[in-house]
Amino acid sequence: MEDIIARLLVADNAVIQQATKDLKASIKNPSAIGDLCTVIVTSKNSQIRQYAAVIMRQRLSKAKIWNHLDSQLKARLTQDILGTLHSEFEQSVVKAIVQLIGTVAKHELNSSNALLLLEFVGKLCSVEVSDDHAQKLRGFFVLCVLSEECPDLFATVLPNIGALVANTLQNEIDAKSPLVWHGLNTMKNLAAHFSDDQSIKSCYSVMLPQMLKAVKALANSEEDMASDLLEMLDDLIENSVITTMHQITPILNMCMELAGSEIKEEQIQIKALSIVDTIVKMKKKAIIKHNLLLPILQTLVQVLQMPCDEDLDYESGNEMNSPVIYGSQVLDGLALNLPPGKLMPHLLESIQMLAVAENPNKKKASYVIMAVTAEGCAEYICNKCFKLYLELVCKGLEEPVVFVRNAALYALGQFAEHLQPEIGKHSEQLMPVLFKFLEHITVNLENLEGKIHLDRVFYALETFIEHSEKETFLPYLAPLIANLLALVTAKESSTHLKQLALSAIGACATTAEDNISPFVPRIVECLSVYLVNQLPEELSCLQVQAIDTMATLARAVSPENFQQVASDCIRYGYIILEKECDPEMEGSIYGLFGAVSAVLKENMKDVMGPVIGSMLKTIESSEGIVVHYDDDDSPGFPGCGDLSDSPDEVDLEVTSDEDEDEEDIAGYSVENVYLDKKAAACYAVKELALNTGAAFNPYLTPCFSPILKLLEYPHDTIKKAALDALTQLCINWSASMELDGKTFENNVSVFIQKCAEIIHTNEEREVVGQALESYGNLLKSAKNFTLKQSTHREAIFNCILDVIHKRTLCQLEEEDSSAEDEENAEQDELLIEYAGDVLPYFGRAMSADDFKPYFVTIFPVLKSKLKESGTVAQRSFAIGIIAECMEPLGPVVLEFSNEILPAFIAGATDEHCDVRNNAVYGLGEMLYHGREKFFLHYENVLQLLSMCLVQETVPKVIDNICGAVARMIVVNANLVPIAQVFPVIINCLPLKKDFKENSIMMKCFMHLYEGGHDIVAQHLEKILHTIIHIIHQKQGEEDALLLAEHLFTCIKRDFPDRVSTLRISEDVIPTYSKLLNK
């Protein structure tokens, strides 16, 4: 055996190959294990001893091999191997032998050999032999390796091991000592396996000071070891081994010191920031309570000012590359998880100070702070410091230093995404600036300022376009498209620039909608170049982007203007799918098929079979899964491979040990591109189901089960996509009378329970929010079908209630958090809003009497949020949900009028427009659905609305005042002084913002018209102009547009001369002509 191993070490492939064959033949011999043991004990060559230990470990890794050995051989192995440890001084051999011992220990946990091994390790590590430091060090090394290989060996002696390690570390003076390192790693291994054991937690309380001391001592000399210790601390906090603020505060202080210091190894700073991030997420309330927020912010601001690569990309995901990027992401986490009132006052001081500094790194920091706080603190910024943010970012866009200007562009993109509608009000100021950046790029193609600058310009431009209001954006549409197409077709444009330009064209289509139709032929011509032609691999990104942009066009343009192009898209898609295409392109093709289904609708049925077949293949596929194996020495040893069993050996025993094939697997991961493809398939299935109606029925059952399984998928993006798709499948089932009702009921029942499970147990707010949104959409479209089973009512309502009470896993607060009524992070409030939004749909899916007890339960919670001390978001949310519940409560609303009516009246004069808007809407809804029970309130409500209208300047609130009055007229026009009220309302039309109110406005006009009120004839021209405007702009839901057309037809019939002589603007002539000719 020693000769075979020696030949495996020869630097000759032919010799190694022959030795490998000999080893595989020899290892089947019953005496092979004994021979290996002899080599380990007697060989003079340390490499051979190590190799023998590795081979034996491989051979004995399966329990069936070990169990087949006779007891005498087992005893000899145990005795000889443990004895060898006393005399072996080569560290690599010692490690290989201990790993072998760990493998054997797994098979001997319940035998006397396990006790023998524990006794042996205890003697090596015990205090009695502390005089022999080398022996003690070896003992801790053995302990460390064994705790990793076979932690279950120590299950019965955890308190002893914890005390041993803690006492040893306390007595060790040198923080850099290997003894400290092995002791800490031992506890890390045991903590990972026994995280809930109290003795482990107690041990860490004792040894934490030494652990922190070791990190500091190693930070400037042994960076890798210090980094590993920091990662260990991060895991201990995340796994709740270290839990109390008494323990966490010194960790936090050390991490802030490391993050802000000039350490030569940036990885230390990044790991320290990672721990700060973990603590923020897990102990957000305690951080505020213990006055730790200010020092954290000061450290982060300091980190963000550090000099760094000018081409940093704050959204690249490569946060491990730079403390500045990681620091920005930690600050983003603070903004998302902490109340803005606690966070922003400190940051505003820093922003203002840094923005006027001469040092460009300080200026850059100010814009990064503004950018990363925009999402989490949006409401606070819009209400209290928007003017400052806007003023500073406009100055930043003119900065001469490129990386400062890039940071300002990044901030503007974040504002456009998160600070709506406030930022949209400044389009006239900001769009020309962004357009100027674009023009500069267009005329300077040969002298551009770098990839990151291009990315920042297009990020700001595209985000601003996507979040602009259509009317504000349209004046810029033509010159934007011209510039973007010029970039796409210019020979001087880089591939990356063309990709950015194509994406921006898609953003223009999203906002302009059908107004982009005149440009579609030219855009399609440019896109077709990338869809039809065979492109080299380096241009595949352009093909993917062209497909995505074509899909965006299909969703934006009206079906009649995209019919021919849609058919071509199907042909393009088939051609590309038939080839061997990469996963990113395949995902884009799925998106294109889904988008085109909105144009072709039922005409997709001829191609849906193969298309959905391909999507289901992706949904069920395990493509891109990467298996990660436990670290092992054997890969460095030729010939080892898998020696645990050979194909031609008889199976010694058939037991559950067959599952041990998975023991070496440490975990799995999935490449992002395959995740994106799987999500794209789900979203495409959703679109196809939505747009093709009954033509999708044959695919409902085949799609449901595979997508349902994705709710167990470990990645949140897949869960969200699956929830979206499953919701639509259930809606399709409810709409079809042809399908098996029992199947629908079973599937809906499974889906509702799965959503409830996700809402209560998922840790990510976004996934929980998606599950709540699924409930809302299902209730909205499937109504009483969803609540056919009584258990569904309780499941859905309990989810609503538990989220509002913050009782779900993703909302759980740490034990030492403050009182319940303390200000929450805006993202926490957003999740509560998701739950509240489900309530009205829940009520509309049942009778008013059935809904009443549920409303009685939840009303006190909503009422508590109406206090003056509540935030604007809380008050607006609560009064809005109560307003939406007026319809499902119907006449039952009278029972709550003593509390709700005063709340609406008070809210109508609130200082914030969102509260006023919802309160006014609620007043109208209460009177509309309460009907005769509220006639006595008409006079007072009309006086209030009249006063509000005189003072109001916000368009959406004015729209809702008009809607409230219209509801009162529809219910009882006799109680409304029409002659005085109607002229005031008609002068506010057409509605400017809240186009949903056009439904009630049309009902009001129709009601007065059919009632023969003279007031209609007096204002007929204004009414006609309003009707034409609504139809031309498609401002309203389908019922509003149908009512408008019907009213126009009635007026044309009864007043033909006034209709034919109506003066209209040139832009609405086509709509007017269509109405005349109907």
Give the residues of region 536-566 that are open to solvent by 40 Å² or more (accessible area, probe 1.4 Å) and among the aliphatic types (A, V, I, L, M), sorted by residue number. 539
Identity of the residue in region 25-56, at pLDDT 85 or above and of a type in the set (Lys, Arg), that ends up nearest to residue 73 (Cα to Cα): 49
Given the options 140, 89, name the one that is among the aromatic types (Phe, Trp, Tyr), over 15 Å from residue 57 (Cβ atoms) and at pLDDT 80 or above. 140
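Pick out, from region 866-914, the helices (runs of 4 or more DSSP H) lying fully within it that include 2 or more residues that are open to solvent by 40 Å² or more (accessible area, probe 1.4 Å) and touching a residue at least 12 places away in the same chain (Cβ under 8 Å).
On the way: elements: 872-884, 886-889, 897-907.
So the answer is 897-907.
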Could you list all residues from region 590-609 that are free of Cβ contacts under 8 Å to residues at least 40 places away in the same chain and either within 16 Å of residue 546 (Cβ to Cβ) or among the acidic types (Asp, Glu) (or both)? 606
How many of the residues making up region 676-719 are buried (at least 22 other Cβ atoms within 10 Å of the Cβ) and free of Cβ contacts under 8 Å to residues at least 24 places away in the same chain? 0
Does residue 965 satisfy being among the β-branched types (Val, Ile, Thr) and either open to solvent by 10 Å² or more (accessible area, probe 1.4 Å) or modelled with pLDDT under 95 (or both)? no
Look through 224, 197, 235 and report the one residue that is farther than 28 Å from residue 54 by Cα, free of Cβ contacts under 8 Å to residues at least 40 places away in the same chain and surrounded by fewer than 18 Cβ atoms within 10 Å (Cβ to Cβ). 197
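On the given criteria, is residue 76 under 21 Å from residue 106 (Cβ atoms), part of a helix (DSSP H, G or I) and open to solvent by 60 Å² or more (accessible area, probe 1.4 Å)?
Values: under 21 Å from residue 106 (Cβ atoms): yes; part of a helix (DSSP H, G or I): yes; open to solvent by 60 Å² or more (accessible area, probe 1.4 Å): yes.
For residue 76, the condition - under 21 Å from residue 106 (Cβ atoms), part of a helix (DSSP H, G or I) and open to solvent by 60 Å² or more (accessible area, probe 1.4 Å) - is met.
Going by the structure shown, is residue 942 surrounded by 15 or more Cβ atoms within 10 Å (Cβ to Cβ) and more than 41 Å from the chain's Cα centre (by Cα)? Lay out the reasoning, then the answer.
Numbers: surrounded by 15 or more Cβ atoms within 10 Å (Cβ to Cβ): yes; more than 41 Å from the chain's Cα centre (by Cα): yes.
Judged against the criteria, residue 942 is a match.
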Quick one: residue 464 ticks every box in (1) surrounded by fewer than 23 Cβ atoms within 10 Å (Cβ to Cβ); (2) within 23 Å of the chain's Cα centre (by Cα); (3) among the hydrophobic types (A, V, I, L, M, F, W, C) bar one, so which box is it? (1)
Taking region 250-281 and the residues there that are over 17 Å from residue 325 (Cβ atoms) and surrounded by fewer than 17 Cβ atoms within 10 Å (Cβ to Cβ), the one that is modelled with the lowest pLDDT would be 264
What pairs can you find where one residue is in region 416-438 and part of a helix (DSSP H, G or I), the other is surrounded by fewer than 16 Cβ atoms within 10 Å (Cβ to Cβ), and their Cβ atoms are less than 6 Å apart, with a gap of 6+ or different chains? 424/469; 427/472
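Here's the yes/no breakdown for (1) touching a residue at least 12 places away in the same chain (Cβ under 8 Å); (2) open to solvent by less than 60 Å² (accessible area, probe 1.4 Å); (3) under 52 Å from the mean Cα position of the chain (by Cα); (4) more than 16 Å from residue 102 (Cβ to Cβ):
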{"position": "8", "(1), (2), (3), (4)": "yes, yes, yes, yes"}
{"position": "14", "(1), (2), (3), (4)": "no, no, no, yes"}
{"position": "24", "(1), (2), (3), (4)": "yes, no, yes, yes"}
{"position": "36", "(1), (2), (3), (4)": "yes, yes, no, yes"}
{"position": "41", "(1), (2), (3), (4)": "yes, no, no, yes"}
{"position": "47", "(1), (2), (3), (4)": "yes, no, yes, yes"}
{"position": "60", "(1), (2), (3), (4)": "yes, yes, yes, no"}
{"position": "81", "(1), (2), (3), (4)": "yes, yes, yes, no"}
{"position": "85", "(1), (2), (3), (4)": "yes, yes, yes, no"}
What's the number of the only condition in (1) more than 47 Å from the chain's Cα centre (by Cα); (2) more than 15 Å from residue 3 (Cα to Cα); (3) small (Gly, Ala, Ser) that residue 32 fails to meet? (2)
Given the criterion closer than 24 Å to residue 466 by Cβ and open to solvent by 20 Å² or more (accessible area, probe 1.4 Å), identify the matching residue among 387, 342. 387
Across region 761-817, what is the number of residues that are among the basic types (Lys, Arg), modelled with pLDDT of 90 or more, open to solvent by 70 Å² or more (accessible area, probe 1.4 Å) and assigned to a helix (DSSP H, G or I)? 1
Please go through region 581-600 and pick out each residue that is open to solvent by 60 Å² or more (accessible area, probe 1.4 Å) and over 31 Å from the mean Cα position of the chain (by Cα). none
Among the numbered criteria (1) at pLDDT 85 or above; (2) in a helix (DSSP H, G or I); (3) not hydrophobic (A, V, I, L, M, F, W, C), which single criterion is violated by residue 291? (2)
Taking the stated definitions as given, is residue 408 within 19 Å of residue 293 (Cβ to Cβ), in contact with a helix residue (DSSP H, G or I) (Cβ under 8 Å, 6 or more places away or on another chain), in contact (Cβ under 8 Å) with a residue 24 or more places away in the chain and assigned to a helix (DSSP H, G or I)? no
The conditions are (1) under 32 Å from the mean Cα position of the chain (by Cα); (2) farther than 19 Å from residue 515 by Cα; (3) of a type in the set (S, T, N, Q), and residue 472 fails exactly one of them. Which is it? (2)
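For region 834-853, which positions are without any contact (Cβ under 8 Å) to a residue 60 or more places away in the chain and surrounded by 20 or more Cβ atoms within 10 Å (Cβ to Cβ)? So that I can check it myself, show each step before the final result.
We begin by selecting, within region 834-853, every residue without any contact (Cβ under 8 Å) to a residue 60 or more places away in the chain; these are 836, 839-840, 843, 847-853.
Correct list: 836, 839, 840, 843, 851.
The values are calculated or read from the model by the stated rules, or taken from the named source; none is laboratory data. What you are looking at is a predicted structure, and each value in this text was computed from that prediction instead of being measured. Neighbour counts run over all protein chains shown; Cβ positions are idealised from the backbone, glycine included. These accessible areas exclude ligands, DNA and RNA; they are computed on the full protein's heavy atoms, side chains included. Shrake-Rupley method; radii C 1.70, N 1.55, O 1.52, S 1.80 Å.
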